[in-house]
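Each reported figure results from applying straightforward, stated rules to the coordinates on display, with no laboratory input. Note that the structure is a prediction, hence the values are computed from the model and not measured. Cβ placement follows ideal geometry from the backbone for every residue including glycine, while neighbour counts extend to all protein chains displayed.
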Amino acid sequence: MTAEVLLDEVTGARQELTVVFSARLLGVPAWPEGPFPFDLGSRRTDAATRSTYFDPASARVLYGAPGRPRRWHLPLDVEHNGLHLLGIEILRAATARDHEHALAVLHFNVDRPLMPVLRALAGRRESSDEPLGGPLDPVGLFAGIAEVPASGAPLAMSRPYTVAFMTPMEQHSLVLRAGPEGQLPCTADRWLWQLASCSTPEDYPFAPETADEQLKDVVRISADWSALVLRQGTAFVGHRPDTGVDDFFAFGALHTRTVYLDALLLGYLQRDHIDELTDDLSEIFGSSQLARRVAALERNIAVFRSTYWRQHLTAYGPANELLLAFQNQHRLPARFNAILAEAADYSRLVQTRESQQISGALGVLTILGLPLGTALSILQVLDDHSITHLLTALGLSIATTAGALTTRYGRLVLSSLQGTKDEA
């Protein structure tokens, strides 16, 4: 418990923070295209480099394609209240309903205790801190480019998603591994939990009976560091002392801000699209145009499935594990399977109605055509050309048709025709 309380006052050797907001794109930015290209020595993590980590479909979603940009970045250098803003990004994430939907991304270095910053971003109680104020206010940073956060967004989406990276110093024994192959103290995962959930024990008391379940999605990237993905955020924590700028953790921080962030952004986009598909399903009977609504829904599902729905991104394991952990936290596989099953039920319903309508149309032809055809055939066989007899035959056929429409079969035909009218 002591470790959990002390985290509120801990400043790691290296602290980096990425903040993601749902946004509404107001116009195409006149910024450089592609993701923010972080550098490490001679290595530059631009779109071309990062695309090599992902399958082509995922790379197109995250970085766009030639002539069809989806992502822009702007380098900045702003320091305020212990936060150093390095740059911002905007990722176009249009959905079937919202063509201006986007994700706004801010990249920070943090020079003060990280936990209070995370609590403030999550809107925790008794948090008077305002880390994104003044020159760091996202509204001002994205003015004229995007509305941040997007207006009308649900509470879960109006709060930012945070990706925190922290490495320890020698004195942070509560998170350090006992030697290269030693065991981790249990407090290490408690630190991960707090940073990922943006909460302290006072905000969310950690029940020991459910500890294993709460921490089952911890990703051991290597002996040196671990990650945990939760609904509110993701955290990466080192397990050996950070020795400085050229330490391994510089490479880990680079991956956190690039490839691993992009895996989480893809999960974020998947969640947004599944939320929209779920909403579409709930409104399927809100219009008389059922067939058209179901056809549009099936098309949207097909587009989502071919464009966004991935559970295997790359041959490099951690990015896949992070995406799967994000999907599990938001129950995306189960929700998408439920969407597919419900859409299939509606499709069968439409097919049944169409079959009934076709049968009704054939019934109308039968009821109208059979008496008249029979009467005319009889006159032709008798070689009767009398106008009086022809009119009599027409009258009898109309009477027969009217009588047929009063039978159970006739009423079913009329009911089918009424259904067809309602669908038109």
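Remark: ILE90, ILE284 ranked as ILE284, ILE90, counting other beta-carbon atoms within 10 Å and listing the fewest first. Working note: Debye formula, equal point scatterers on the alpha-carbon atoms of the range 60-189, no solvent; log10 I(q)/I(0) at q = 0.12, 0.21 Å⁻¹ is -0.63, -1.29.
Remark: MET115, MET169 ranked as MET169, MET115, counting other beta-carbon atoms within 10 Å and listing the fewest first.
Going by how many other beta carbons lie within 10 Å of each one, how would you line up LEU264, LEU290, LEU340, fewest first? Present the calculation step by step, with values, prior to reporting the outcome.
Numbers: LEU264 22, LEU290 17, LEU340 13.
Least to most surrounded, the residues fall as LEU340, LEU290, LEU264.
About the centre of its Cα atoms, the range 2-269 shows a dipole size close to 920 debye [charges on the beta carbon of Lys, Arg (+1) and Asp, Glu (-1) only; nearest 20 debye]. Sequence-distant contacts, meaning Cα pairs under 8 Å at least 6 residues apart, place the relative contact order of the range 2-269 at 24 percent. The range 242-272 and the range 26-54 have their alpha-carbon centroids 13 Å apart.
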